[in-house]
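Taking it in order: structure first as structure tokens, then the write-up.
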Amino acid sequence: MTTTSNFNTWIARSQPNSQAEMRLFCLPYAGGGAMTYRRWADSLPPSVEVCAVELPGRGMRLREKPFTRLDTLVEAIAIAIRPDLDKPLALFGHSMGAIVSFELARLLRRQYGIDPVYLFVSGRRAPQIPHPKPPTYNLPEPAFLAELRRLNGTPAAVLENTELLQLVLPTVRSDFEALETYRYRPEPPLDCAIAAFGGLSDAETNIQELEAWTEQTTAAFSLYMLPGDHFFLDSAQAQIVQCLTQHLQLV
């Protein structure tokens, strides 16, 4: 993927498109990076430019210190993407990225008077529902690794490679800390439509928790349940991108 050269390294574009009518900012799950979205531009309409957000602590920013608080992370993202807000935008986020996208939408509304045309949230319960489990980010390493294996999102090649694991583990812990210390604060619902995606075999998020996202919008709400576990983002990628295409073509 290529990165923007005009201001910073926060945005990766696999297919830069200055003629696009809209930008889709994609936020990663805990421990994930911009590479997750590297092929989305192949299937989305040419009117949409895919802007994958690369957070500190991964990819080309591996040696940068990751954030441990979600509010400061969202503020930093808002500053980084400000030059790219000259066109309509949509937001997509999976798991941790869903909450980051949601809070980013609210911050853009508060600080800049900008609303996304669409918010797509994936694999995450609505923000007003409290976290049902105790924190895991501060677990001893064996227990933390067991949690990563249970979630099934970290490649076995990483979990079995001690040197590589020690390289990425601090970022994953930091992401978990940012997510698990997040506290929802009530604000008026967003004016943009929301579409939520869930995995039929996802033990982390059930359909009722996904349906609760409807409380966060005054506009249309859609829910799609797709085959797969918590990381259906990979296994059902084609279906997700197809849904995004359908919604964004109607905007």
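Relative to the present Cα-Cα distance, how much length would full extension add between residue 150 and residue 215 at 0.36 nm per residue of separation?
20.4 nm
Just to confirm the filter: which GluC sites (Glu not before Pro) across the stretch 28-74 are DSSP coil and have at most 15 other Cβ within 10 angstrom of their Cβ?
Qualifying residues, ordered by number: 64.
Give me the tail of P(r) for the stretch 1-119 as a percent: Cα-Cα pairs with distance above 22 Å.
25
Ordered by residue, what ³J(HN,Hα) values in Hz, to whole numbers, does the stretch 187-194 give under the Karplus form 6.51 cos²θ - 1.76 cosθ + 1.60, where θ = phi - 60° and Gly and Pro are x?
Values, residue by residue: 9, x, x, 6, 8, 8, 5, 10 Hz.
5 Å is the cut-off here: which amide hydrogens, built 1.01 Å from N in the peptide plane, fall below it relative to residue 30, excluding neighbours closer than 5 in sequence?
Residues meeting the amide H criterion: 96, 97.
Per residue, how many Å² of accessible area does the chain show with a 1.4 Å probe?
Computed with neighbouring chains in place, this is 45 Å² per residue.
Kirkwood Rh, Cα Rg: Rg to Rh for the stretch 64-154?
On the way: Rg = 15.4 Å, Rh = 15.0 Å.
Here Rg/Rh amounts to 1.03.
Let me understand the chain better: what is its radius of gyration from the alpha carbons, and its Dmax, in angstrom?
In order Rg, Dmax, the Cα atoms of the chain give 17.0, 49 Å.
For the stretch 124-165, how big is the tail of P(r) above 13 Å, as a whole percent of Cα pairs?
Working: 548 of 861 pairs.
Roughly 64 percent, once rounded to a whole number.
Report the FRET efficiency, 1/(1 + (r/R0)^6), for residue 141 and residue 222, where r is their Cβ-Cβ distance and R0 is 30 Å, rounded to 0.05.
Once rounded, the FRET efficiency stands at 0.15.
For the chain, give the percent of accessible area contributed by carbon and sulfur heavy atoms, probe 1.4 Å, rounded to a whole number.
Of the solvent-accessible surface of the chain, carbon and sulfur hold 53 percent.
So between residue 249 and residue 191, what do we pick up on full extension, going 0.36 nm a residue minus the alpha carbon distance?
That works out to 19.1 nm of additional length.
Counting residues in the stretch 133-235 as N, plug N into 2.2 N^0.38 Å and put the Cα Rg over that result.
On the way: Rg = 16.5 Å, N = 103, 2.2 N^0.38 = 12.8 Å.
The value comes to 1.29.
Is it possible to state the helix-based mean residue ellipticity at 222 nm for the chain, with each DSSP H run of 4+ residues giving -39500 (n - 2.57), the sum divided by total residues, to the nearest 500 deg cm²/dmol? What is it?
-10500 deg cm²/dmol
After finding the eigenvalues of the alpha carbon gyration tensor for the stretch 4-53, what semi-axes result from the square roots of 5 times each, listed largest first in whole Å?
Details: eigenvalues 61, 38, 13 Å².
Gyration-tensor ellipsoid for the stretch 4-53: 18, 14, 8 Å.
At R0 = 35 Å, how high is the FRET efficiency between residue 39 and residue 183 if r is their beta carbon distance? Nearest 0.05 is fine.
0.50
The values are calculated or read from the model by the stated rules, or taken from the named source; none is laboratory data. Note that the structure is predicted; figures quoted are calculated from it, not measured. Cβ coordinates were reconstructed from backbone atoms using ideal geometry, including for glycine residues, and neighbour counts include every protein chain displayed. Surface accessibility is based on the protein's heavy atoms, side chains included, excluding ligands, DNA and RNA. Shrake-Rupley method; radii C 1.70, N 1.55, O 1.52, S 1.80 Å.
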